[in-house]
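What follows is one structure encoded as structure tokens, with my remarks underneath.
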Amino acid sequence: MNNSDSKKQAVARAAIDFVEYDDVIGVGTGSTVDFFIDFLKPLKNKISGTVASSLSTQQKLEANGIRVLDLNDVSDIPIYIDGADEVNNNLQLIKGGGGALTREKIIAGASKKFLCIVDDSKIVDILGKFPLPIEVLPMARSYVAREIIRYKGMPALREGFITDNSNIILDVNHLEIMEPITLEKELNQIAGVVTVGLFAERGADKVLVSSDNDIIELNK
Ligand code: 5RP
């Protein structure tokens, strides 16, 4: 296992301390979360179930015998556990590298607490070096791309990728995001945008960060 994977595995293991018996757990998407699912497996009969943020997460949970519930059948999700592509000092995030941003944002919004698990390569001063993923209705692709250029971003179609919701992703390069909440709100207003991968208005409540030596906790 390479160093990056070891750090992802370590932080995923640490997240298990935040899983309470009988809770429904919101489960994110990505390689860090895949490690988390491995550690969740032994607890599968202690929790009420999970809500999955993507079809791939749902498949992995089910393959491990972990109960997956429909979000519509769940009224209380005490904790949502997910990775991120970038995290700033205010615990605002860029997400969507795996293309699951829409369902991730829905479950983050529906959950009481959002615990984000990352390795230290994801911590930044200013969001935007990682291309900002935006999920877009296919027929609005060109229009949304033109609108984004007005924000000095360079949108690129994620080739060969269709989301779980049958939409496309535009990855926006060259954004230096000085005001994440404002940008998130403004991009959300563009007709045809389904979800912006900026989790600023509802960022994480707590971030666990793994480095070579230890795991630290960042709190709001
Ligand atoms: C998926 C995401 C992931 O959380 C993000 O891409 C981080 O992934 P990884 O844990 O593989 O580094 O937002 O849409």
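Here are some notes:
- Cα-projected label distance for Ile149 with Lys112, points at 7 Å along beta-carbon direction, nm: 4.8 nm
- The chain: antiparallel DSSP beta bridges as a percent of all, rounded to 5: 55 percent
- For segment 197-209, Karplus couplings with θ = phi - 60° (6.51, -1.76, 1.60), whole Hz, Gly/Pro x: x, 8, 10, 10, 4, 10, x, 7, 8, 8, 10, 9, 10
- Taking Cα atoms only, the orientation of helix 101-110 departs from the longest principal axis of the chain by about 60 degrees.
- Exposure rank, largest accessible area first [Glu217, Glu159, Glu147; 1.4 Å]: Glu159, Glu217, Glu147
- The phi-based Karplus calculation (6.51 cos²θ - 1.76 cosθ + 1.60; θ = phi - 60°) puts the 3J(HN,Hα) values of segment 49-57 at x, 9, 10, 9, 8, 6, 5, 5, 5 Hz, whole numbers, x for Gly and Pro.
- At the residue level, Tyr21 shows approximately 140 square angstrom of accessible surface with a 1.4 angstrom probe and all protein chains present.
- Rg over Rh for segment 120-216 works out to 1.02, both radii taken from alpha-carbon positions and Rh defined as the Kirkwood radius.
- Each residue of segment 166-176 is assigned a 3J(HN,Hα), and the resulting list reads 6, 10, 9, 10, 9, 9, 9, 8, 6, 9, 10 Hz, derived from the Karplus form 6.51 cos²θ - 1.76 cosθ + 1.60 (θ = phi - 60°), x at Gly and Pro.
- Positive end of the dipole of the chain (Cβ unit charges, origin at the Cα centre): among Ser56, Asn88, Ile162, the Cα lying farthest that way belongs to Ile162.
- Length added when fully stretched, Asn45-Phe18, from 0.36 nm per residue minus Cα-Cα: 8.1 nm
- Degrees between helix 3-15 axis and first principal axis of the chain (Cα, 0 to 90, nearest 10): 60 degrees
- Amide hydrogen neighbours beyond the local backbone of Val194, cut-off 5 Å, H modeled: Glu135, Val136, Leu137
The values are calculated or read from the model by the stated rules, or taken from the named source; none is laboratory data. Model, not experiment: these values are computed from the prediction. Counting neighbours? That spans all protein chains shown, and the Cβs are built from the backbone with ideal geometry, glycine included. When the accessible area is computed, the model is the full protein with side chains, heavy atoms only, and any ligands, DNA or RNA have been set aside. Shrake-Rupley method; radii C 1.70, N 1.55, O 1.52, S 1.80 Å.
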